[in-house]
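Please treat every number below as a calculation from the coordinates, not as lab data. Just so it is clear, the model here is predicted, and its values are computed rather than measured. All Cβ positions, glycine included, derive from the backbone under ideal geometry; neighbour counts span all protein chains shown.
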């Protein structure tokens, strides 16, 4: 694909990863826009398609645990009416997901079970680690995945299998369609 558009949804704590991904992907010829998420409503907007671009691919960069996206805890007076508190669960994704296409998460433990089902049943090809992947390995997975897609014009399954096969850490990534 020539000059794809990629949106990075950068959850709190993903700064260096999001910056590294943006640099690499732009070097590969992609146009990359970053949506910084500082509160749950920002993530709701992103899942609803309110992104700075109309992307060919979406990357969720951040941290995860227990099959949920880790969200920053805000002071009680800062939350908006009805704004979810705590980590963003598969139930939250089901409620707010409107985006379609390829979504790749670097967030630990967000690749399996109910989270993968929430994205795939919502119309996404969803790629994420189903375990606690080391940060450098997540960066390497995404780099190799997009290298295959953008540089070698590989099909998504081939790009995924190649990136997943680097080592045991990148082998934690799974794909749900």
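Annotations
- Residues that are closer than 15 Å to residue 102 by Cβ and outside any helix (DSSP H, G or I), drawn from the stretch 127-152: 127, 128
- Scanning the stretch 153-177 for residues that are part of a helix (DSSP H, G or I) and either at positive phi or touching a residue at least 24 places away in the same chain (Cβ under 8 Å) (or both) returns 156, 160, 170, 172.
- Test: residue 125 is over 21 Å from residue 20 (Cα atoms) and touching a residue at least 40 places away in the same chain (Cβ under 8 Å): yes
- Enumeration of residues in the stretch 93-110 that are in contact (Cβ under 8 Å) with a residue 24 or more places away in the chain, at negative phi and not in a strand (DSSP E or B): 93, 94, 96, 97, 98, 99, 100, 106, 107, 108, 110
- Test: residue 116 is buried (at least 21 other Cβ atoms within 10 Å of the Cβ), without any contact (Cβ under 8 Å) to a residue 40 or more places away in the chain and at negative phi: no
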